[in-house]
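The values are calculated or read from the model by the stated rules, or taken from the named source; none is laboratory data. None of the values given here were measured: they were computed from a predicted structure. Note that we place each Cβ from the backbone using ideal geometry, even for glycine, and neighbour counts take in every protein chain shown. Just the protein is used for accessible areas: all its heavy atoms, side chains included, with ligands, DNA and RNA removed. Shrake-Rupley method; radii C 1.70, N 1.55, O 1.52, S 1.80 Å.
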Amino acid sequence: MKFSAKTNYGIVALLELAAEFPGGGVLQIAQIACRHEQMMTSLRKGGFLRSIRGPRGGYQLTRSPVQITIAEVIDCLEGEEISHNIVKGLSPEFLALSALTTRVKLKLAEHLEAISLQDLLEERDHYVKDQTMYFI
């Protein structure tokens, strides 16, 4: 499955905030890459973030990364998928294809519901460790 650029950048921004969550850290907008800024409003309106005003202000997760599923982030950033109506009179082949598409979407939704922001953060940390280089 391919996510839109908006969803990709939104999840990356949430991962950056999730890394700060245990210590109650706040990331200032200047610390969040410019390409993430447009997602912040959507994520705030979706209830994932709170904004803190002032010179030390920024954004902070409203819930623990364990409590945020990737499925709900995608729903927030992409909007709920418009249900497709099967047009009466379609051939049995198209009806079978439509049923297959529905089953695949349901399985994908189940899988994304099972993945939390914390899961992605732990996977990211694994890659960070692999990229660590030591110079002598």
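Numbers for the structure displayed
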quantity: Test: residue in the range 26-45 that is within 12 Å of the chain's Cα centre (by Cα) and of a type in the set (D, E, K, R); calculated: no
quantity: Single match in 25, 47 (criterion: within 13 Å of residue 59 (Cα to Cα), among the small types (Gly, Ala, Ser) and modelled with pLDDT under 85); calculated: 25
quantity: Checklist (1) modelled with pLDDT of 95 or more; (2) of a type outside the set (S, T, N, Q); (3) touching a helix residue (DSSP H, G or I) at 6+ places or on another chain (Cβ under 8 Å) applied to residue 111, failing item; calculated: (3)
quantity: The range 23-63, subset aliphatic (A, V, I, L, M) and open to solvent by 40 Å² or more (accessible area, probe 1.4 Å), residue nearest to residue 121 (Cα to Cα); calculated: 26
quantity: Residues of the range 50-67 classified as modelled with pLDDT of 85 or more, of a type in the set (Lys, Arg) and part of a loop (DSSP other than H, G, I, E, B), total; calculated: 2
quantity: Single residue of the range 1-49 satisfying the filter (touching a His at 6+ places or on another chain (Cβ under 8 Å) and of a type in the set (A, V, I, L, M, F, W, C)) that is farthest from residue 128 (Cα to Cα); calculated: 13
quantity: Test: residue in the range 83-96 that is modelled with pLDDT of 95 or more, assigned to a helix (DSSP H, G or I) and out of contact with any Pro (no Cβ under 6 Å at 6 or more places or on another chain); calculated: no
quantity: Total residues in the range 1-22, condition of a type in the set (S, T, N, Q) and either closer than 14 Å to residue 60 by Cα or open to solvent by 80 Å² or more (accessible area, probe 1.4 Å) (or both); calculated: 0
